[in-house]
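Participant: Dumping the structure here so I can ask a few things about it.
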Amino acid sequence: MGRTRGFTLIELLVVIAIIAVLMAILIPTLHRAREQGQRAVCLNSLKQLTLAWMLYAEDNNYKIVNGSTFFPRSGEPAWIGAQGQFSGSERERREHLKDGVLYKYCEDVDIFKCPTGIRGEVVTYAIVDAMNGAQMDDGSPRIPGTEGLTIKLLTQLRRPGERFVFIDEGKISPDSWTVHYLEESWWDQPTMRHGDGTNFSFADGHSEYWKWKDGRTVKLARLENDNAGSVDPRQPGNPDLHNVQRAAWGKLGYTPSQ
């Protein structure tokens, strides 16, 4: 009876090397496919939230919802239930989302969170300051130079397809997201939820993925919030910053650097 020939050590090493090469080729491709799927889901969620935002305004004499979750103003219900969003169990925080006035227009708490969100997050989206967001106690805007630029009525909007409503913010801050107007500087940290960019929605109901082009934006966005102060938020000549400021405020409050 003849002996059964097994694999030699060299043959096994060759097979392992081939498998390793195939894995190195396939894993990045699978990762990109997974990210593209998550991005598509996020874009759809942002679109649904923005349509809810538009429907609320149409049902309320074109008044847009209060976009501030941390400092809700008297007589202006917020878009999500702010109470308990920063404490309590995940189940309790998901229930509090229903206290916001936009919930009845979508009735799905899952659309308030991007699929890239980490365990325990229930909301990763924020409304931008210019869309009836956070204000000072006396009602003035918190961003210098933006008096008269805060949108309160849907009918105030010009070129709605160019104006942000929601941003996929993640856990950067607990309130409406904002950016400087009078200077070439970030206020809140830019976000990078999808590859080297993030998703936004616009006041005409569509949503877009914006990939950052300037390395300074990427560097700042990659930092954990606690370490953001180690990078200068002033970024003269940054096209990402210019584009975000225009979409947030409708225009720039300065002459941009070249």
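Participant: Return the subset of LYS152/LYS219; LYS47/LYS251; LYS113/LYS213; LYS63/LYS213; LYS104/LYS219 for which the Cα-Cα distance in this structure is over 32 Å, preserving the input order.
Facilitator: Among LYS152/LYS219; LYS47/LYS251; LYS113/LYS213; LYS63/LYS213; LYS104/LYS219, the Cα-Cα distance tops 32 Å for LYS152/LYS219; LYS63/LYS213; LYS104/LYS219.
Participant: Now for a separate question. Rounded, prolate or oblate for the stretch 108-258? Axes are the square roots of the Cα gyration tensor eigenvalues, ordered a ≥ b ≥ c, and the cut-off for rounded is a/c under 1.5.
Facilitator: In terms of gyration-tensor shape, rounded.
Participant: Additional query: Under a crude label model (7 Å from the Cα following the beta-carbon direction), how far is GLU208 from LYS152 in nanometres?
Facilitator: Between GLU208 and LYS152, the label points sit 2.9 nm apart.
Participant: Find how much the distance from GLU162 to VAL41 grows on full extension, using 0.36 nm per residue of separation minus their present alpha carbon separation; answer in nm with one decimal.
Facilitator: 41.4 nm
Participant: May I pose another question? For LYS98, list the aspartates and glutamates whose Cα falls under 19 Å from its own Cα; do not include residues on the same chain fewer than 8 positions away.
Facilitator: By straight Cα distance, LYS98 reaches ASP59, GLU76, GLU90, GLU107, ASP108, ASP110, GLU121, ASP175.
Each value in this text was obtained by applying a stated rule to the coordinates, not by laboratory testing. Predicted model only: the values in this text are computed from it and were never measured. For neighbour counting, all protein chains shown are included, and Cβ atoms are generated from backbone atoms with ideal geometry for every residue, glycine included.
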